[in-house]
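> First the structure, then my questions, so here it is.
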Amino acid sequence: MTKKIIVAIDGFSSCGKSTMAKQLAHDVGYIYIDSGAMYRAVALHCMRQGWITNDDMDVESIESHIHTVQLKFVLNDTGYAEIYLNGENVESAIRSLEVSNGASRVSTLPAVRKELVRQQQQMGVEKGIVMDGRDIGTVVFPDAELKVFLTASPEIRAQRRMDELLQKGEQVSFKDVLANVKERDYRDQNRKVSPLRKAEDAVLIDNSLMTLREQQKVIMELFEQRVAAL
Ligand code: DC
């Protein structure tokens, strides 16, 4: 039987990490795990409880209740994993701009990161996973056999995000989405705990000018090299 590896894909928001990760997982029969969805689900929970508002965050309540937030991924009819928050499917509820902001804020809290990293490491014990996020190659799986750091220009990422939101019927302006992308980049790179950075041994891929097919080819080649090297 072929040995399985862990693939860690990190990078800025809206640069296509989940598209790359989902595609690869599908092509090689691995499980795809969207770690950002876990931070988003925690944020949604905190917003519903009133622990996160526009101008305030009740850190004490969040930190003391983080262990009561149950997250799990369940495969849907098309074979992709969807996230459940305390038994409720929140896969589409977590994709709004408001929840994006909440996730970016809640992900700065050490107790939240500690708990989610623990759960993520648990999901990888048998390998055979592709996980995307911000700290997967640096903190969650520092020994991952394949690490990718994906990037694209802020304008291109804002356009991609805007197309996604418009498709879902959310009315947004390019200016707001671009500002949101830049704000999240800043927070992701400057938070004290596990800031976004490229692991030394990660392969840097800028997909600003790549087609999906080109990207798919690049990641598949890297994957095959790493499996062959085992
Ligand atoms: O990838 P995303 O946009 O769904 O992530 C939502 C937020 O969660 C984003 O602001 C960064 C944060 N995040 C994180 O801090 N660590 C991860 N491993 C994944 C996401």
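Each value in this text was obtained by applying a stated rule to the coordinates, not by laboratory testing. Source: prediction; values computed, not measured. Backbone-built Cβ (ideal geometry, glycine too); neighbour counts: all protein chains shown.
> Rounded to the nearest 0.05, what FRET efficiency do Asn54 and Met123 have when you use their Cβ-Cβ distance and R0 = 35 Å? Write down the numbers at each step before the final one.
Working: r = 33 Å, r/R0 = 0.93.
It comes to 0.60.
> Report the calculated FRET efficiency for Lys175 and Ala93 (r = Cβ-Cβ distance, R0 = 30 Å), to the nearest 0.05.
Values: r = 25 Å, r/R0 = 0.85.
Efficiency, from the Cβ-Cβ distance: 0.75.
> In segment 87-147, which GluC sites (Glu not before Pro) are in a loop and have at most 15 other Cβ atoms within 10 Å, using DSSP for the loop call?
On the way: sites: Glu88, Glu91, Glu98, Glu115, Glu126, Glu145; in loops: Glu91, Glu126, Glu145.
Counting only loop positions with at most 15 other Cβ atoms within 10 Å, the GluC sites (Glu not before Pro) in segment 87-147 are Glu126.
> Out of all DSSP beta bridges with both ends in segment 25-136, state the antiparallel percent to the nearest 5.
Details: 8 of 12 bridges.
Antiparallel: roughly 65 percent of the beta bridges in segment 25-136.
> Sum -39500 (n - 2.57) across every DSSP H segment of at least 4 residues in the chain, then divide by the residue count to get the 222 nm mean residue ellipticity, nearest 500.
Working: 8 runs with 106 residues, N = 230.
So the helix-based figure for the chain works out to -14500 deg cm²/dmol.
> With a ≥ b ≥ c taken as the square roots of the eigenvalues of the C-alpha gyration tensor of segment 122-230, please select rounded if a/c is under 1.5 and otherwise prolate if a/b is larger than b/c or oblate if it is not?
Numbers: a/c = 2.14, a/b = 1.53, b/c = 1.40.
Judged from the Cα gyration tensor, segment 122-230 comes out prolate (a/c at least 1.5, a/b above b/c).
> Please give every one of the lysines within straight-line cross-link reach of Lys182, meaning a C-alpha to C-alpha distance under 19 Å, and leave out same-chain neighbours fewer than 8 residues apart.
Lys17, Lys192, Lys198
> Taking 1 over the mean of 1/r across every pair of different Cα atoms in the chain, what Kirkwood radius in Å do you get?
Details: mean 1/r = 0.0555 Å⁻¹.
Taking every pair of different Cα atoms in the chain, averaging 1/r and inverting gives 18.0 Å.
> How high is the relative contact order of the chain, in percent, counting Cα pairs under 8 Å that sit 6 or more residues apart? Please list the in-between numbers first.
Numbers: 339 pairs, mean separation 74.5, N = 230.
Reported as a whole number, the value is 32 percent.
> Another question, then. What ranking do Leu97, Leu75 get, fewest neighbouring Cβ atoms within 10 angstrom at the top? Before the final figure, lay out the partial values.
Details: Leu97 14, Leu75 11.
Lowest to highest Cβ neighbour count: Leu75, Leu97.
> Let me ask you something else. Treating only the Cβ of Lys, Arg, Asp and Glu as charged (+1, +1, -1, -1), what charge dipole size does the chain show about its Cα centre? Round to the nearest 20 debye.
Working: 30 positive and 33 negative charges, 59 e Å.
It comes to approximately 280 debye.
> How about segment 177-230: which trypsin sites (Lys or Arg not before Pro) there are in a DSSP loop, with at most 15 other Cβ atoms within 10 Å of their Cβ?
Lys192, Arg197
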